[in-house]
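**Q** One structure, as structure tokens, below. Some questions next.
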Amino acid sequence: MDFIKTTEQDSNYNNLEQMSTSELLNNINNEDKTVPLAIEKAIPQIEKLVNVTVEKLKQGGRLFYMGAGTSGRLGIVDASECPPTFGVSHELVIGLIAGGDSAIRKAVEFAEDSKEQGWEDLLDYNISEKDVVVGIAASGTTPYVIHALQKCNENNISTGCITCNENSPLQLTAKFPVTVVVGPEFVTGSSRMKAGTAQKLVLNMISTSTMIQLGKVKGNKMVDMQLSNNKLVDRGEKMLVSELNIDKETAKELLKKYGNVRTVIKEFNNG
């Protein structure tokens, strides 16, 4: 199959340095508006990946995201937000980045080019057939990700991906690929822009829809969220006031007693 890196094609704009601030912002925004429409075309692919992820997690598996640079960081962001948002273990959704944790803040040269490190990183977590591994790479050519997914396939581990180039090596490797073709970036080749936005939106869709189907949301509320700061405690109290038709002080006392919104609702209804 032909493979064209649309993420590397020349920008639809030129002479950027001659644009006013207003022109720059409006043109970037106009490009960003195209991202949700590109994702809409990929929803059937996202659905397949979510369905297999839910199935595996219900069987005791885990969800792994892995990528390099911006893609790796986005996976780590989504993984790190699952425990406080949905009250799940930090071991349920795991983000891996080429070059290790130090690469979260500073680029590690050539880390993404390793054909062995991705699989070795997964082995550190005792990866198994119960798990799902989603490779994230805008270009679809990152060796760290591709070769890890190839090893997963060889070991009967479910694989997905999020990429922005049709017929890329990564898309052809993943069993459940998600390909969001966003086209050229505003700044040529800067895939942290539209491609990064697309990846973040798809990650939101995967984790949120998965957690809802795992029963981590009631109605439209995050009843299993961790009460790790005053803002979240206040949000929990408001949930209880609305759900149980009680006053704020009672909600505060119950939440302090049981430490979890879902538990309060259960105990209140059973009482």
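The values are calculated or read from the model by the stated rules, or taken from the named source; none is laboratory data. Computed from a predicted structure; not experimentally measured. Backbone-built Cβ (ideal geometry, glycine too); neighbour counts: all protein chains shown. All accessible areas refer to the heavy atoms of the entire protein, side chains included, with ligands and DNA or RNA removed. Shrake-Rupley method; radii C 1.70, N 1.55, O 1.52, S 1.80 Å.
**Q** Cβ-Cβ below 7 Å, separation at least six or inter-chain, first residue in region 176-202 and free of Cβ contacts under 8 Å to residues at least 24 places away in the same chain and part of a helix (DSSP H, G or I), second among the aromatic types (Phe, Trp, Tyr) and open to solvent by less than 40 Å² (accessible area, probe 1.4 Å): which pairs?
**A** From region 176-202, no pairs qualify.
**Q** Also: Please find, among 177, 184, the residue that is in contact with a strand residue (DSSP E or B) (Cβ under 8 Å, 6 or more places away or on another chain) and either open to solvent by 10 Å² or more (accessible area, probe 1.4 Å) or over 30 Å from residue 153 (Cα atoms) (or both). Can you show your working first?
**A** Values: 184 fails: in contact with a strand residue (DSSP E or B) (Cβ under 8 Å, 6 or more places away or on another chain).
Just a single option satisfies the conditions, and that option is 177.
**Q** Looking only at region 121-132, count every residue that is open to solvent by 30 Å² or more (accessible area, probe 1.4 Å) and under 20 Å from the mean Cα position of the chain (by Cα) and tell me the total.
**A** If we filter region 121-132 for residues that are open to solvent by 30 Å² or more (accessible area, probe 1.4 Å), which is where we start, we get 123-126, 128-130.
Checking the rest, the ones that are also under 20 Å from the mean Cα position of the chain (by Cα) come to 125, 130.
Of the residues in region 121-132, 2 are open to solvent by 30 Å² or more (accessible area, probe 1.4 Å) and under 20 Å from the mean Cα position of the chain (by Cα).
**Q** Please pick out the residue among 34, 7 that is hydroxyl-bearing (Ser, Thr, Tyr), open to solvent by less than 50 Å² (accessible area, probe 1.4 Å) and in contact with a helix residue (DSSP H, G or I) (Cβ under 9 Å, 6 or more places away or on another chain).
**A** Only one candidate passes the filter, namely 7.
**Q** If you go through region 97-113 one residue at a time, do you hit one that is open to solvent by less than 40 Å² (accessible area, probe 1.4 Å), within 20 Å of residue 157 (Cβ to Cβ) and not acidic (Asp, Glu)?
**A** yes
**Q** What are the pairs with Cβ atoms under 9 angstrom where one residue, in region 21-48, is farther than 22 Å from residue 176 by Cβ and touching a residue at least 12 places away in the same chain (Cβ under 8 Å) and the other, located anywhere, is surrounded by 11 or more Cβ atoms within 10 Å (Cβ to Cβ) and among the acidic types (Asp, Glu)? Sequence gap at least six, or different chains.
**A** 31/185
**Q** Can you name every one of the helices (runs of 4 or more DSSP H) wholly within region 221-271 that holds 1 or more residues which are under 13 Å from residue 85 (Cα atoms), touching a Gly at 6+ places or on another chain (Cβ under 8 Å) and of a type in the set (A, V, I, L, M, F, W, C)? Walk me through how you get there before you give the answer.
**A** Details: elements: 230-244, 248-258, 261-270.
Hits in region 221-271: 261-270.
**Q** Please state which one of 135, 140, 160, 118 is open to solvent by less than 10 Å² (accessible area, probe 1.4 Å), on the phi > 0 side of the Ramachandran plot and modelled with pLDDT of 95 or more.
**A** Details: 135 fails: on the phi > 0 side of the Ramachandran plot; 160 fails: on the phi > 0 side of the Ramachandran plot; 118 fails: on the phi > 0 side of the Ramachandran plot.
The match here is 140.
**Q** On to the next question. (1) under 29 Å from residue 7 (Cβ atoms); (2) in a helix (DSSP H, G or I); (3) at pLDDT 95 or above; (4) aliphatic (A, V, I, L, M): which one isn't true of residue 57, the others all being true?
**A** All conditions are met except number (1).
**Q** Further question on the same structure: Does residue 108 satisfy being part of a helix (DSSP H, G or I), of a type in the set (A, V, I, L, M, F, W, C) and at negative phi? Reasoning before the result, please.
**A** Numbers: part of a helix (DSSP H, G or I): no; of a type in the set (A, V, I, L, M, F, W, C): yes; at negative phi: yes.
So residue 108 does not fit the description; no.
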